[in-house]
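The values are calculated or read from the model by the stated rules, or taken from the named source; none is laboratory data. It should be emphasised that the depicted structure is a prediction, and the values quoted were computed from it without experimental measurement. Because the Cβ atoms are built from the backbone with ideal geometry, glycine has one as well, and the counts that use them run over all protein chains shown. Calculation scope for accessible area: heavy atoms of the full protein, side chains included, ligands and nucleic acids excluded. Shrake-Rupley method; radii C 1.70, N 1.55, O 1.52, S 1.80 Å.
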Amino acid sequence: MGKKKPPPPLPAPLPGLVDAHTHLDGCRATTPEAVRELVDRAASVGVQRVVTVACDLDQARYVVEASRWDDRVFAAVALHPTDAHQLEVDGAREELERLASDPRCVAIGETGLDWYWLGKRDGVATPEQQHASFGWHIDLAKRLGKPLMIHNREADADIIADLDRFGAPETVIFHCFSGDAAMARECVDRGYVLSFSGTVTFSNAVQLQEAARLVPDDQLLVETDAPYLTPHPHRGAPNESYCVPYTANYLADLRGIAPERLAEMTTATADRVFGEAFAKS
């Protein structure tokens, strides 16, 4: 009891994949050598590029630095909604905007709303702070012309309301999409991109699986959110970018297409939404 599960074995290679959302520092890749080793491991199973994502100010500095250590690594910069109060720190807005303006930063994320942790954990930003931070990040994405990468936990209606209130940027990505078919349809109809993680493979994720079936080919991404949300049958084990093929294969089967087609279309979407520098890498 309590013994940690070993990392999943390397899956069979599925060439041409992108991990659209991961946290390399969470996977203990905090040096150039460790990042290269992790990305090499992912490349060995077909995962060609990764987007490593910030949740707070320290991570925002890290992801931009890490994106310079390896050409296959790109950054996304923002404050996670539970850390939205960091936006009130002197100089935080200016530093975040400077980091987000870096050519290696391909998205403003992850930002959004998280009602799950309210009252469950100390130090969580208030709803007012989260709304204000989300609005500021939406404006930043529009000013910089970069996609908005959304974290949404138990806040479907409020997320949509804020996107309407503040005015959604041209490209919106729902990272680790967790909604049902109705929410998926709402997002799809608005032109938003939905990114699916290992949660879609869980046996109890019936509504999420229904949602994944209806997303158009050009509005679909695949991600790990590593080190979290390791796909079935390795749930509870450490996650890493090399695990993308597990989720990609599951999504392909769910949608009734070949895994190679799933890889091709999700990477085409990643190239489109993350921009020219990403697509040419």
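Sorting the segments 184-192, 169-177 by their residues' average number of neighbouring beta-carbon atoms within 10 angstrom, most packed first, yields 169-177, 184-192. Averaging over all projection directions, the Cα-based convex hull of the stretch 161-239 occupies 5.5 nm² in the image plane.
In summary, the helical segments of the chain meeting the span-like criteria, namely a full DSSP H run, a Cα extent along the axis of 15 angstrom or more and a mean Kyte-Doolittle hydropathy of at least -1.0, are 32-43, 57-67, 127-144, 156-166, 244-255, 259-274. Sorted into 5 angstrom bins from 0, the C-alpha pair distances of the stretch 82-125 split as 5, 19, 23, 21, 16, 11, 5, 1 percent. Normalised by residue count, the stretch 122-281 yields a Cα convex hull volume of 129 Å³ per residue. Considering only 100, 141, 258, give the residue with the highest GNM mean-square fluctuation for the chain, with springs between Cα atoms whenever their separation is below 10 Å. For the chain, modelled as a Gaussian network with Cα springs under 10 Å, the answer is 258. For the stretch 7-127, relative contact order (Cα pairs under 8 Å, six or more residues apart, normalised by length) works out to 22 percent.
At q = 0.09, 0.11, 0.14, 0.20 Å⁻¹, what log₁₀ I(q)/I(0) does the stretch 1-159 have when each alpha carbon counts as one equal point scatterer in the Debye sum? The Cα Debye sum returns log10 ratios of -0.32, -0.48, -0.74, -1.20.
Scaled against the 2.2 N^0.38 Å expected of a compact globular protein of N residues, the Cα radius of gyration of the stretch 51-93 reads 1.20. How big is D for the stretch 111-184, in µm² s⁻¹ as a whole number, if Stokes-Einstein is applied with the Kirkwood radius of its Cα pairs at 20 °C and 1.002 mPa s? Result for D is 168 µm²/s.
In the elastic network of the chain, a GNM with C-alpha springs shorter than 10 Å, the most mobile of 263, 226, 12 is 12. Normalised radius of gyration (Cα atoms, divided by 2.2 N^0.38 Å) for the stretch 17-86: 1.07. Under a Gaussian network description of the chain, with springs only between Cα atoms under 10 Å, the residue in 40, 180, 58 that fluctuates furthest is 58. Note on residue 203 and residue 88: the model spin-label points, each 7 Å out from Cα along the C-beta direction, lie 4.5 nm apart.
Estimated at 0.36 nm per residue, the fully extended path between residue 142 and residue 189 surpasses their Cα-Cα distance by 14.9 nm. Counting heavy atoms of the protein chains alone, residue 142 has an accessible area of about 90 Å² for a 1.4 Å probe. Only Cα pairs under 8 Å and 6+ residues apart enter the sum, and on that basis the relative contact order of the stretch 16-61 stands at 52 percent. Mean sequence separation of contacting Cα pairs (under 8 Å, at least six apart), scaled by the length of the chain, corresponds to a relative contact order of 21 percent. Please work out whether the chain counts as rounded, prolate or oblate from its C-alpha gyration tensor, where a ≥ b ≥ c are the square roots of the eigenvalues and a/c under 1.5 means rounded, while otherwise a/b larger than b/c means prolate and anything else oblate? Rounded, since a/c falls under 1.5.
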